[in-house]
Amino acid sequence: MLHSCQLYLTTLCDASCEMCLVKSPKPGTANHDAVMRNVQGLARAGVRYVDLTGGNPLMFEGLPEAIRLANQFGMISSLTVSGPLISRRGEDIFGLPSQLQFSIDGTPAFHDANRGAGFYQHIVNGLEMAATLRPGRKPAKLIFTTLPGHGGNINIETFRSVLALARRFPNTLVSVNPVFGGQYSPEEERLLRWFGRQAYVQMSRGKLRFLRQGGNNAKNPFCRATSTSAAITADSKLRLPCYHRAQCEVPLEEGLANALASPERREALKYQGRLPCCEGCSIWCYMMPSIASLHALRFAFPYQQMMVAGQGIRDSLLRFCGQYWGSFPNCHPMK
């Protein structure tokens, strides 16, 4: 059953992130009316979670209206941002989404070297805005992408810097995001597991185990990208079986419902996770809905309700424990 959507609003971006997989030979921004129609179509299709993404979604002028419409239909709206537009547009936007997240790569110097000069300060500005604009609502979250190997960011200095930033703002959590396809050494895994035990930090050890086991197995696929998620491009097409491993696209001029019932999608459902390009894949925006959907089927419980309830309980516990347990400067790596 379709539960979530990655709704691409633009392929334009003002950052130069080394690990980004969204590269387009034809950069462009979505049509405002098409985005609004697609949000309505997602609501009619029963989608409960919509990730408004890009590129840099802040480069889409109609972003506030798209978020409001998703909220109006009772969907969970998620927005992850980075870059100078945070300071320019944050006041009008950051109070709107159900989930607001800021991408961070480490220390100010590392973050700016990876994304662009001055980008770190805009994250700080955005967190300050979010603290003011979201009183009584779920606080913003820092998405910390971990990069393995020489020149990466898996070290104590980086961990201290990221967590120190989070602790400047009430109840802000750090969510550790292992980079897609990352190959972590035993020492890097040890450091990540240690960091994941710190107050105000959330990390899935299952992600590390999934990467260690080689990601998706095309012969016995874990991925359910096509059945659980819809990937809609900035030029209003349903990309199949997913955005990053697309084999075909179905235009949405005749509506999302027709595209979901199309022969192309029915065929994609048969080979989701089974293509040669699916071997070893670990793109979390598809893997996490896949695992949640598999467990939801086991317990006959709606996927998105389970996912959101689990996140809410986990985040509340992390914030509670953060007030009473574990001062980071007094923690030390495991022996």
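Out of Gly74, Gly62, Gly46, which single residue is touching a His at 6+ places or on another chain (Cβ under 8 Å) and at positive phi?
Gly46
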Selection within the range 242-281 - touching a strand residue (DSSP E or B) at 6+ places or on another chain (Cβ under 7 Å) and of a type in the set (Ser, Thr, Tyr)
Tyr243, Ser262
Leu63 modelled with pLDDT of 95 or more, surrounded by 17 or more Cβ atoms within 10 Å (Cβ to Cβ) and under 28 Å from Ser293 (Cα atoms)
no
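If you check Phe73, Phe102, Phe119, which single one turns out to be among the aromatic types (Phe, Trp, Tyr) and modelled with pLDDT under 95? Step through it out loud before you land on a result.
Numbers: Phe73 fails: modelled with pLDDT under 95; Phe102 fails: modelled with pLDDT under 95.
It is Phe119.
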Does the range 261-284 contain any residue that is crowded, with 19+ Cβ neighbours inside 10 Å, of a type in the set (Phe, Trp, Tyr) and either under 30 Å from Met203 (Cβ atoms) or touching a Gly at 6+ places or on another chain (Cβ under 8 Å) (or both)?
no
Applying the selection to the range 245-260, what residues are acidic (Asp, Glu), buried (at least 16 other Cβ atoms within 10 Å of the Cβ) and at pLDDT below 95?
none
Could you tell me which residue of the range 3-20 is farthest from Gly83 (Cα to Cα), considering only residues that are buried (at least 17 other Cβ atoms within 10 Å of the Cβ) and either basic (Lys, Arg) or touching a Leu at 6+ places or on another chain (Cβ under 7 Å) (or both)?
Cys5
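Mind checking which helices (runs of 4 or more DSSP H) fall wholly inside the range 1-109 and carry at least 2 residues that are farther than 25 Å from Pro139 by Cβ? Even if it seems obvious, please write down each step before you answer.
Values: elements: 32-44, 63-72, 85-93.
Correct list: 32-44.
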Gln183 vs (1) buried (at least 18 other Cβ atoms within 10 Å of the Cβ); (2) among the polar types (S, T, N, Q); (3) part of a loop (DSSP other than H, G, I, E, B): all pass except (1)
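Here's the yes/no breakdown for (1) within 14 Å of the chain's Cα centre (by Cα); (2) farther than 20 Å from Leu7 by Cβ; (3) not small (Gly, Ala, Ser):
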residue	(1), (2), (3)
Tyr49	yes, no, yes
Gly54	yes, no, no
Arg68	no, no, yes
Ser77	yes, no, no
Leu96	no, no, yes
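Scan the range 221-242 and tell me whether some residue there is farther than 19 Å from Met288 by Cα, free of Cβ contacts under 8 Å to residues at least 40 places away in the same chain and either touching a Ser or Thr at 6+ places or on another chain (Cβ under 6 Å) or not in a loop (DSSP other than H, G, I, E, B) (or both).
Taking the range 221-242 as the starting set, the residues that turn out to be farther than 19 Å from Met288 by Cα are 233-238.
Narrowing further to those that are free of Cβ contacts under 8 Å to residues at least 40 places away in the same chain: 237-238.
Narrowing further to those that are either touching a Ser or Thr at 6+ places or on another chain (Cβ under 6 Å) or not in a loop (DSSP other than H, G, I, E, B) (or both): 237-238.
Yes: one or more hits.
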Looking only at the range 270-284, decide whether some residue is touching a residue at least 12 places away in the same chain (Cβ under 8 Å), under 20 Å from the mean Cα position of the chain (by Cα) and within 30 Å of Phe169 (Cα to Cα).
yes
Would it be correct to say that Asn171 is in a loop (DSSP other than H, G, I, E, B), in contact (Cβ under 8 Å) with a residue 24 or more places away in the chain, touching a strand residue (DSSP E or B) at 6+ places or on another chain (Cβ under 9 Å) and buried (at least 18 other Cβ atoms within 10 Å of the Cβ)?
no
Can you tell me which residues in the range 121-147 are over 25 Å from Ile283 (Cα atoms) and part of a helix (DSSP H, G or I)?
Gln121, His122, Val124, Asn125, Gly126, Leu127, Glu128, Met129, Ala130, Ala131, Thr132, Leu133
Pairs please, first residue from the range 17-41 and at pLDDT below 95, second anywhere and basic (Lys, Arg), Cβ atoms under 7 Å, 6+ apart in sequence or on different chains.
Cys17/Arg115
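The values are calculated or read from the model by the stated rules, or taken from the named source; none is laboratory data. Please read these numbers as outputs of a predicted model, since none were measured by experiment. Don't worry about glycine lacking a Cβ; one is built from the backbone with ideal geometry, like all the others, and counts go over all protein chains shown.
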